[in-house]
Amino acid sequence: MKSNSLLSITLLILLTAIAPTLWGTTYIITTELLPADRPFIAAFLRLLPAGIILVLISKHLPRRDEWIHIVILAILNFAIFHVLLFVAAYRLPGGLAAVVGAIQPLMMMFLIWFVDNRKPAHLALGASIIGVFGMAALLLSPSSTWDLIGIIAATVGAMLMTCGVFLARRWRTDMPLLAFTGWQLLIAGIMLAPLAWLIDPPLVTLTTKNILGYGYLSLFGTTFAYVLWFNGIAKLSPVAVSS
């Protein structure tokens with residue numbers, strides 16, 4: 001019985017880990033396939049189609065008391081986070097952005113320590129610190145460009161995602177997973193629509209390469225990835241998910 005439980009948890013962790021693996025491709029997709037310097041448009045086109053798909057599939061309307069939580073999570077997990085993610089992707093090498101994002105498990109441990117008064121285990125804390133330095137050793141080079149705006153965007157994005165994971169676990173209801181994910185995506189996409197129109201340069205033409213890039217990010221990097229992610233959040237500890 002215990003071995004079956006351990007196998008189930010291991011499988012769940014591996015499935016949840018697919019999500020950040022797919023998100024990690026955002027950097028190369030952004031630089032190689034998307035039009036330059038349009039973080040709001042990229043975030044909007046990534047989130048809105050995914051939200052529409054999941055909301056239509058789930059056919060579930062949140063209860064009145066669930067809306068405020070859904071809106072807050074949409075802002076933290078999606079709207080602001082994805083704009084910052086694309087700002088970092090446009091301005092930083094992928095390796096540098098990944099190293100900045102690797103501090104998220106540490107942020108989660110200190111957030112749980114501060115809010116819930118639960119000190120992190122020494123092993124988990126040490127492993128997270130070693131992981132950051134290990135990624136830095138593997139991915140950084142002397143020629144890495146330390147763009148200040150990109151560093152700030154990646155750091156604040158990691159902080160917002162940390163808060164989003166923490167709150168999503170705390171506020172999880174009996175709402176179906178697809179609806180819980182889809183409504184956050186849809187609300188975030190709607191929020192970003194006017195900003196994408198007002199702030200970014202217009203998309204005059206879209207090449208086949210651009211369409212493939214946006215489609216991949218919306219379908220695989222968002223719809224599929226976030227379903228796995230929130231399923232993991234609902235069943236695993238926040239530190240385990242962040243790690």
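The values are calculated or read from the model by the stated rules, or taken from the named source; none is laboratory data. Bear in mind the structure is a predicted one, so any value in this text is a computation, not a measurement. Backbone-built Cβ (ideal geometry, glycine too); neighbour counts: all protein chains shown. In case anyone asks, the SASA skips ligands and DNA or RNA and just uses the protein heavy atoms, side chains included. Shrake-Rupley method; radii C 1.70, N 1.55, O 1.52, S 1.80 Å.
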Can you give the accessible area of Arg38, probe radius 1.4 Å, in Å² rounded to 10? 40
Can you list the aspartates and glutamates whose alpha carbon is less than 19 Å from that of Lys59, not counting same-chain residues fewer than 8 positions off? Asp174
Report, to the nearest whole %, how much of the accessible area of segment 1-77 belongs to carbon and sulfur atoms, 1.4 Å probe, protein only. 73
Suppose R0 equals 22 Å. What FRET efficiency, 1/(1 + (r/R0)^6) with r the Cβ-Cβ distance, do Leu206 and Glu32 give to the nearest 0.05? 0.90
For His60, His82, what's the largest-to-smallest order of accessible area, 1.4 Å probe? His60, His82
Computed P(r) (all Cα pairs; segment 20-75; 5 Å bins; percent): 4, 14, 17, 23, 17, 13, 8, 4, 1
Taking 30 Å as R0, compute the FRET efficiency from the Cβ-Cβ separation of Ala17 and Ala193 and round it to 0.05. 0.40
